[in-house]
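J.: Below: one structure in structure tokens.
The values are calculated or read from the model by the stated rules, or taken from the named source; none is laboratory data. Predicted model only: the values in this text are computed from it and were never measured. All Cβ positions, glycine included, derive from the backbone under ideal geometry; neighbour counts span all protein chains shown. The protein model used for the area step is the full one, side chains on, heavy atoms only, and it has no ligands, DNA or RNA in it. Shrake-Rupley method; radii C 1.70, N 1.55, O 1.52, S 1.80 Å.
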Amino acid sequence: MRLSALTLSAAASLALLAAAPAQAVTVAITANGQWNQFNIDDSIQPSYTTKFIDTETGNATYGEQMFFSFTIGAGQVGTLTVVDAGFGGDTFTITDNGATLGTTSDVPVTTFATAPGVGYDYNAALANSAFSKGVFILQAGNHSISGSLLQSVLVDVGAGPLNATVGALKLEVSAVPEPATLVSLLAGLGLIGLVVRRRSV
């Protein structure tokens with residue numbers, strides 16, 4: 001009786017461990033405007049379903065959920081650009097420190113066979129309206145960006161979602177404009193509007 005209780009306890013512990021998600025991998029990125037790749041593939045890590053994961057083979061963090069971390073300094077503002085790649089038709093939900101930041105743009109649902117492709121050319125994907133993209137403005141502070149698949153390319157007509165794709169994100173940082181600069185900018189825009197209005201009369 002005692003042995004079976006220990007066995008049941010051990011089996012329950014193993015079941016809990018198996019159900020627990022793998023540890024996440026955090027990639028530190030810099031505001032250099034370079035693309036940082038993320039992957040999604042629910043066949044590699046079913047427990048994370050369609051979240052960003054690391055798929056670098058041979059890497060100790062293979063299959064674990066991926067986060068991109070960085071700090072934006074005081075007096076600065078960050079621009080985070082996210083783009084779908086590989087083939088068009090996927091969209092993403094983007095998170096920052098666990099809270100939803102937003103989603104990438106809507107694109108038509110396609111099938112794997114008919115989806116436009118650009119390979120790993122993220123600049124080409126950014127310029128192509130068939131690929132979903134998003135630009136998010138971030139304030140000063142610590143950020144941890146991740147995401148998940150919102151819409152997937154279909155395996156085929158009438159079939160389910162492929163749930164496997166690749167995308168990338170990049171970070172750029174600039175100084176927050178001084179209040180005096182903003183006032184000058186607004187005044188200049190007002191003058192331009194006045195000139196345009198007078199010419200149209």
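J.: Just checking, how many residues over the stretch 148-178 are in contact (Cβ under 8 Å) with a residue 40 or more places away in the chain, under 20 Å from T50 (Cα atoms) and part of a strand (DSSP E or B)?
T.: Here the count works out to 11.
J.: At least 1 residues that are more than 30 Å from S174 (Cα to Cα) and over 15 Å from the mean Cα position of the chain (by Cα) in each: list the strands (runs of 3 or more DSSP E) lying fully within the stretch 31-133 that qualify.
T.: Values: elements: 36-41, 66-72, 76-87, 91-96, 99-103, 117-119.
It comes to 76-87, 117-119.
J.: While we're on this one: Would you confirm, using the coordinates I've provided, whether I145 is among the aliphatic types (A, V, I, L, M), open to solvent by 70 Å² or more (accessible area, probe 1.4 Å), modelled with pLDDT of 95 or more and within 30 Å of Y48 (Cβ to Cβ)?
T.: Against the criterion (among the aliphatic types (A, V, I, L, M), open to solvent by 70 Å² or more (accessible area, probe 1.4 Å), modelled with pLDDT of 95 or more and within 30 Å of Y48 (Cβ to Cβ)), I145 does not qualify.
J.: If a residue must be over 30 Å from V176 (Cα atoms) and crowded, with 20+ Cβ neighbours inside 10 Å, how many such residues does the stretch 108-130 contain?
T.: Residues in the stretch 108-130 being over 30 Å from V176 (Cα atoms) and crowded, with 20+ Cβ neighbours inside 10 Å: 2 in total.
Residues checked against (1) closer than 15 Å to I40 by Cβ; (2) charged (D, E, K, R):
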| residue | (1), (2) |
| --- | --- |
| H143 | no, no |
| V153 | yes, no |
| A164 | yes, no |
| K170 | no, yes |
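J.: Turning to a different aspect of this structure: Could you tell me whether T26 is modelled with pLDDT of 85 or more, open to solvent by 60 Å² or more (accessible area, probe 1.4 Å), more than 20 Å from V153 (Cα to Cα) and not in a loop (DSSP other than H, G, I, E, B)?
T.: Yes.
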